[in-house]
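Reviewing the structure listed below.
The values are calculated or read from the model by the stated rules, or taken from the named source; none is laboratory data. Bear in mind that the values here come from a model prediction, so they are computed numbers and not experimental data. With ideal geometry, Cβ positions are generated from the backbone for all residues, glycine too; neighbour counts draw on all protein chains shown. The protein model used for the area step is the full one, side chains on, heavy atoms only, and it has no ligands, DNA or RNA in it. Shrake-Rupley method; radii C 1.70, N 1.55, O 1.52, S 1.80 Å.
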Amino acid sequence: MNLDFAPEDVAFRDEVRTFIAENYPAELRGKQDEGEEMSKEDFLSWHKILAKKGWVAPSWPKALGGTGWTPTQKYIWSEEQARADTIPILPFGINMVSPVIYTFGTDEQKKKFLPATYNGEIWWCQGYSEPGAGSDLAGLSTRAERITGDDGKEYYLVNGQKTWTTLAQHADWGFFLVRTDPTAKKQEGISFLLIDMKTPGITVRPLITIDGAHEVNEVFLENVKVPVENRIFDENKGWTAAKFLLAHERSGIAGVARSKRGIERLRGIASTQPGDDGEPLLSDPMFKRKVAELEIDLTALEYTELRTLAGEAQGKGPGVESSLLKIKGTEIGQRLTDLVLEAAGHYGAPYFRGFPKEGGNALPIGPDFAARAAPTYFNMRKTSIFGGSNEIQRNIIAKMVLGL
Amino acid sequence: MDFNFTEDQTMLRDSIARYLQDRYDFDTRRKVVASESGWRPEVWKAFAEELGILGAPFSEEHGGFGGGAIENMIVMEEVGKALVIEPYLSTVVIGGGFAKHSGFAGASDLIGGIIGGETIIAFAYAEPQGRYNLADLKTTAKKDGAGYTLTGHKAVVWGAPWATHYIVTARTGGSQKETSGVGVFLVEASASGITRRDYPTVDGSRASEIQFDNTPGILIADDAYGLVEQVTDEAIAALCAEAVGVQRKLHEGTLDYTKQRKQFGAPIASFQVLQHRMVDMFMNLEQSVSMTYMATLKLGEDAEERGKAVSSAKVHIGRANKFLGQNAIQLHGGMGMTDELAIGHYFKRATMIEGLFGSVDHHLKRYETLSFGKAA
């Protein structure tokens with residue numbers, strides 16, 4: 001047992017750190033500092049820089065554009081991105097659908113989708129959840145029937161509704177779970193389809209969340225014709241691909257590096273914000289205690305993640321530990337935003353969406369960080385709900401780990 | 001011992017509840033919150049004239065109904081249930097409280113204006129540097145002939161854009177954090193030397209930053225830190241009652257939703273892990289009711305007993321608001337995250353109440369100081 005990074009890992013860390021420092025777009029940094037909403041172009045600008053460098057998809061097989069990094073290097077990479085507070089690479093294309101495509105797809109599908117996804121030319125969205133199928137995802141009812149088109153080709157005619165579809169307003173393509181056999185047992189009649197979001201019959205409707213943001217959407221599908229060659233893996237075997245994808249979705253959800261960076265930020269805030277006695281909040285024993293507890297819990301999570309990583313390096317796949325990482329990671333992320341809001345005091349109340357914070361030389365409205373404190377706290381409540389709620393994750397551990 | 005309401009008190013509750021049910025539905029509120037003014041003066045008028053509730057906690061000699069803190073509690077619980085944004089707390093509880101207890105020369109007129117619905121008050125007490133310390137004041141008041149002039153920056157003044165008057169705390173003497181030398185002033189919103197910056201709040205209300213620059217004000221009370229604490233305690237007790245209303249809706253809404261929502265072929269309310277969570281929500285709510293009664297009934301005690309009672313209630317309510325709010329969202333799943341459902345709006349109000357007039361930590365410390373002494 002040994003906690004030190006090897007010299008070559010330290011050298012790698014320095015290389016990565018330098019690259020980010022020299023290449024991260026200054027304009028993006030400015031927008032992040034101002035708490036501005038990110039546009040599609042903003043998300044893609046960093047993606048494209050990394051694609052050019054060859055670092056946008058470290059986990060992919062090397063032949064397809066992966067970096068061939070060790071688990072430790074991948075860990076360092078995610079640490080360094082968080083440390084520099086870079087805009088996240090959206091997971092839907094790189095980390096979610098692509099592994100499904102290169103694992104289950106045909107050569108043609110790989111050729112058509114993987115390079116374009118890698119280069120940021122395709123923006124993906126995820127058509128999984130439905131109004132009636134959330135935790136019970138396999139209960140989905142969006143229907144796909146085989147038809148022969150006027151052109152003599154085979155299609156699926158898709159009808160139904162998806163929901164909580166993140167950033168679908170920007171999406172070029174979506175990966176959808178649809179029911180192709182309504183008579184089979186629920187997991188056995190599902191297929192995995194790639195759907196061009198420009199196909200007639202698709203309507204994307206915004207869902208505004210409690211923080212006022214437009215991040216998620218409802219997607220309505222009405223007689224949407226999808227060529228049969230856009231199905232991944234066998235008909236009615238989509239659940240196998242979906243389960244595979246869910247495991248990928250959960251790895252990395254611990255967000256250790258981002259939470260570390262968040263705690264650093266919180267410490268910065270609390271060392272300048274006044275407490276009740278006018279001294280910095282961080283010298284208030286009660287507040288300091290909560291930050292300390294959060295740090296300790298994050299350390300426990302970090303070393304659990306490192307043990308998982310070390311296991312992966314020895315060829316053990318990411319297993320059910322990912323449920324543990326998801327539960328603890330989201331709880332810590334949520335507590336962090338709670339403490340930032342607490343630090344804001346009275347200035348947690350003002351709300352600035354659609355309302356300019358800059359008012360010329362008018363009265364200042366509290367410290368800069370406070371403007372986003374409450375919306376971020378509200379927004380982060382989603383993390384214990386999505387990607388399999390934390391209750392479902394506990395069920396998974398009970399069943400798969402404890403054998404109950 | 002008696003925890004029953006009188007017939008008059010029950011009537012008061014019924015009449016406001018009925019009015020709000022008819023005229024204050026969630027969709028209407030959403031539209032009002034998004035409108036330019038952000039409130040409905042006609043609701044206030046109805047509170048004054050149709051319902052007469054603005055006189056509920058004032059004595060008959062002032063033109064009120066002879067009620068007090070319990071009447072405030074009843075009204076505020078209904079305010080919480082309907083997420084009312086019109087400023088009952090700052091006008092009737094706080095403005096009325098300062099007028100009643102100070103007995104300053106203009107008290108009767110002020111109360112008359114409140115009861116009639118013409119006078120609307122915002123409480124300008126917080127300052128950018130002061131966090132929850134009521135004595136941390138940089139705003140100064142200088143004697144100027146018969147009156148005073150005020151200069152300073154007041155932070156997050158809830159309801160200020162709608163107010164006709166501000167009640168302002170300012171130093172007539174003493175140093176920045178001293179409890180002596182704290183004066184309370186009445187300032188007309190139209191007075192000279194006022195710069196105001198209005199903004200919405202995250203829970204659908206409105207507030208302002210206010211800069212006073214040699215603004216004329218009338219002295220309500222000087223060397224009045226004790227009075228500021230007393231009225232703030234009354235405000236906190238009323239805020240706890242509002243929280244009870246909010247918590248009831250969070251709890252009921254969650255019960256209803258989980259009974260309807262089916263996953264894995266069953267209502268999710270049938271899953272034991274969720275049942276236990278809802279039981280914990282229920283216990284938190286019941287104890288919030290108990291603490292609110294306790295604090296309200298002890299408002300007339302001496303400063304130490306009153307302070308302990310109010311701070312302990314606020315500690316419990318702060319924690320319960322967080323527990324009920326977070327779990328209401330969690331048990332609603334994705335639906336809880338949408339702006340379209342009322343539940344998220346109750347969560348947001350519950351979150352704001354956590355911090356209003358002092359966080360859980362602030363009131364724990366105050367309780368410790370009052371209960372164990374400063375040396376402890």
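With respect to (1) assigned to a helix (DSSP H, G or I); (2) open to solvent by 40 Å² or more (accessible area, probe 1.4 Å); (3) closer than 22 Å to B:Trp158 by Cα; (4) not basic (Lys, Arg), the lone exception for B:Glu36 is condition (1). Scanning the stretch A:202-214 finds one or more residues that are of a type outside the set (A, V, I, L, M, F, W, C), under 29 Å from A:Glu121 (Cβ atoms) and crowded, with 18+ Cβ neighbours inside 10 Å.
Residues in the stretch A:112-138 that are of a type in the set (S, T, N, Q), under 20 Å from A:Val204 (Cα atoms) and not in a loop (DSSP other than H, G, I, E, B): 1 in all. Taking the criterion of being touching a residue at least 40 places away in the same chain (Cβ under 8 Å), hydrophobic (A, V, I, L, M, F, W, C) and within 14 Å of chain A (Cβ to nearest Cβ), the residues of the stretch B:126-173 that qualify are B:Leu134, B:Ala135, B:Leu137, B:Ala155, B:Val156, B:Val157, B:Trp158, B:Ala160. Counting only helices (runs of 4 or more DSSP H) that sit wholly inside the stretch B:45-164, those with at least 1 residues that are modelled with pLDDT of 95 or more and touching a strand residue (DSSP E or B) at 6+ places or on another chain (Cβ under 8 Å) are B:96-102, B:107-116. Candidates A:Phe92, A:Phe113: the one that is closer than 19 Å to A:Gly238 by Cα, of a type in the set (Phe, Trp, Tyr), surrounded by 22 or more Cβ atoms within 10 Å (Cβ to Cβ) and modelled with pLDDT under 95 is A:Phe92. Out of curiosity, is B:Thr369 open to solvent by 30 Å² or more (accessible area, probe 1.4 Å), of a type in the set (Val, Ile, Thr), within 14 Å of chain A (Cβ to nearest Cβ) and out of contact with any His (no Cβ under 9 Å at 6 or more places or on another chain)? Yes, satisfied.
If you go through the stretch A:7-26 and keep only what is touching a helix residue (DSSP H, G or I) at 6+ places or on another chain (Cβ under 8 Å) and exposed (fewer than 14 other Cβ atoms within 10 Å of the Cβ), you end up with just A:Asn23.
When B:Ala303, B:Ala313 are checked against the criterion of being more than 14 Å from every other protein chain (Cβ to nearest Cβ) and over 19 Å from the mean Cα position of the chain (by Cα), B:Ala303 stands alone in meeting it.
Of the residues making up the stretch A:348-360, none is more than 9 Å from every other protein chain (Cβ to nearest Cβ), at pLDDT 90 or above, open to solvent by less than 10 Å² (accessible area, probe 1.4 Å) and under 30 Å from B:Arg206 (Cα atoms).
When the stretch B:332-354 is filtered for residues that are open to solvent by 20 Å² or more (accessible area, probe 1.4 Å), at the interface with chain A (Cβ under 7 Å from one of its Cβ atoms) and touching a residue at least 24 places away in the same chain (Cβ under 8 Å), nothing remains. Suppose the filter is facing another protein chain (nearest Cβ under 9 Å), over 17 Å from B:Lys249 (Cβ atoms), crowded, with 17+ Cβ neighbours inside 10 Å and touching a residue at least 12 places away in the same chain (Cβ under 8 Å); does B:Ile329 pass it? When the stated conditions are applied, B:Ile329 does not pass them.
Against the definition (of a type outside the set (Val, Ile, Thr) and at pLDDT below 95), how does A:Gln187 come out, yes or no? Taking the combined requirement at face value, the residue satisfies it. For B:Ala237, the conditions (1) open to solvent by 10 Å² or more (accessible area, probe 1.4 Å); (2) more than 14 Å from every other protein chain (Cβ to nearest Cβ) are fulfilled apart from (1). Applying the condition of being under 17 Å from A:Asp368 (Cβ atoms) and exposed (fewer than 14 other Cβ atoms within 10 Å of the Cβ) to the stretch A:268-280 and asking which residue is nearest to the other protein chains (Cβ to nearest Cβ) yields A:Thr272. Taking first residues from the stretch B:265-290 that are within 14 Å of another protein chain (Cβ to nearest Cβ) and closer than 27 Å to B:Val310 by Cα and partners that are modelled with pLDDT of 95 or more and surrounded by fewer than 18 Cβ atoms within 10 Å (Cβ to Cβ), no Cβ contact under 6 Å between residues at least 6 apart in sequence or on separate chains turns up.
Could you list, in sequence order, the residues of the stretch B:257-300 that are closer than 26 Å to B:Glu77 by Cβ, open to solvent by less than 60 Å² (accessible area, probe 1.4 Å) and touching a Pro at 6+ places or on another chain (Cβ under 9 Å)? Within the stretch B:257-300, B:Thr258 is the sole residue that qualifies. For the stretch A:160-182, the count of residues that are outside any strand (DSSP E or B), in contact with a Phe, Trp or Tyr (Cβ under 8 Å, 6 or more places away or on another chain), of a type in the set (Gly, Ala, Ser) and crowded, with 19+ Cβ neighbours inside 10 Å is at least one. Please indicate, with yes or no, whether at least one residue in the stretch A:251-265 is assigned to a helix (DSSP H, G or I), under 30 Å from A:Lys153 (Cα atoms), of a type in the set (A, V, I, L, M) and open to solvent by less than 50 Å² (accessible area, probe 1.4 Å). Within the stretch A:251-265, not a single residue is assigned to a helix (DSSP H, G or I), under 30 Å from A:Lys153 (Cα atoms), of a type in the set (A, V, I, L, M) and open to solvent by less than 50 Å² (accessible area, probe 1.4 Å). If you go through the stretch B:174-196 and keep only what is closer than 19 Å to A:Leu363 by Cα, in a loop (DSSP other than H, G, I, E, B) and within 14 Å of chain A (Cβ to nearest Cβ), you end up with just B:Gly193. So which of A:Glu15, A:Glu36, A:Glu22 ends up being closer than 30 Å to A:Pro367 by Cα, assigned to a helix (DSSP H, G or I) and not assigned by TED's automatic domain parsing to the domain that holds A:Ala370? Step by step, each of A:Glu15, A:Glu36, A:Glu22 is checked, and only A:Glu22 is closer than 30 Å to A:Pro367 by Cα, assigned to a helix (DSSP H, G or I) and not assigned by TED's automatic domain parsing to the domain that holds A:Ala370.
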